[in-house]
Structure formats: C-alpha cells, structure tokens
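The values are calculated or read from the model by the stated rules, or taken from the named source; none is laboratory data. Keep in mind that this is a model prediction, so the values were computed, not measured. Please note that ligands, DNA and RNA were not included when accessible areas were found on the heavy atoms of the full protein model with its side chains. Shrake-Rupley method; radii C 1.70, N 1.55, O 1.52, S 1.80 Å.
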Amino acid sequence: QADGMSEVGRGTLTTHVLNTATGLPAAGLVVRLAQLQEPGPQWMELAQRHTDVDGRCQPLLAPGQAKAGTYKLHFETAEYWQGLGHSSFYPFVEVVFTITDPAQKLHVPLLISPYSYTTYRGS
C-alpha cells in the first residue's frame, strides 16, 4: 500500500507558509505559481491558491502536470500582514526555482515575519 501512496504523490508541487512572528501557520495568504516561458522573460500563471488554517493549500501542480523548467511562487505577504494589522517590509515574496526531474515531488516552504523571510527545498 505504501508504494501506491507514493505513486499518487509523485510529481506534485506543494508549499507551506509559517508566520515565524507568532509560530503559527499563515492562513489566507494568496499564492500564485507561474512558469517561465522559453525563450524570453515572460511568465505564464498556472495556478492561484489561498493557504488554509494550516498554512497549506492544494498542490500547485497536480501529479503528472510538472514539466522541466523554471518556476516562480509568488506570495502576497503585504496583504497577509495588513490583514493582521501589521505593515511589512516585503510587499510580496517571489521564490524562483528549477524543476529538473518532473517526476519528483517538490515541497517549497516559506517562513515569514514582517521583516524577514526564509525558504528552502523541503521534502
């Protein structure tokens, strides 16, 4: 059964946003995924989501939808902080990354506070 489960999750792209000022998930934050079009600097938007109470959203790429290329996750952080009554140094955060193996599951977490952010390749 474990093998069947791993096959279902193959090739997906997920994110998770945590508010490090409170130590809680960042709920209601808008996340957009775009892919860089070759040749040239045009980005094509592929998905838009809102994070849930756990700071997560539905996968931004469904299994089998990923293709090799350069992608960008755009997080609307100013809007999120305004909703909490804070100002933010960063109006938005963009994380640009490359997918080399479309069959691999990718998880790109974001840790945010009004004056900093951190991202890493998760598992």
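Per residue, the accessible area of the chain comes to 57 Å² when a 1.4 Å probe rolls over the protein heavy atoms.
Full extension of the segment from residue 27 to residue 84, taken as 0.36 nm per residue of separation minus the current Cα-Cα distance, would add 19.5 nm. For the chain, adding -39500 (n - 2.57) for each run of n ≥ 4 DSSP H residues and dividing by the number of residues yields -3000 deg cm²/dmol at 222 nm. Solvent-accessible surface (1.4 Å probe) assigned to residue 79 amounts to roughly 100 Å². Across the accessible surface of the chain, with the other protein chains kept in place and a 1.4 Å probe, carbon and sulfur atoms take up 55 percent.
Note on exposure: 117, 80, 90, 71 ranked by accessible area (1.4 Å probe, complete protein assembly) read 117, 90, 80, 71, with the most exposed listed first.
To the nearest µm²/s, what D does Stokes-Einstein give for the stretch 13-119 at 20 °C and 1.002 mPa s, using the Kirkwood radius over alpha carbon pairs as Rh?
For the chosen part, D equals 151 µm²/s.
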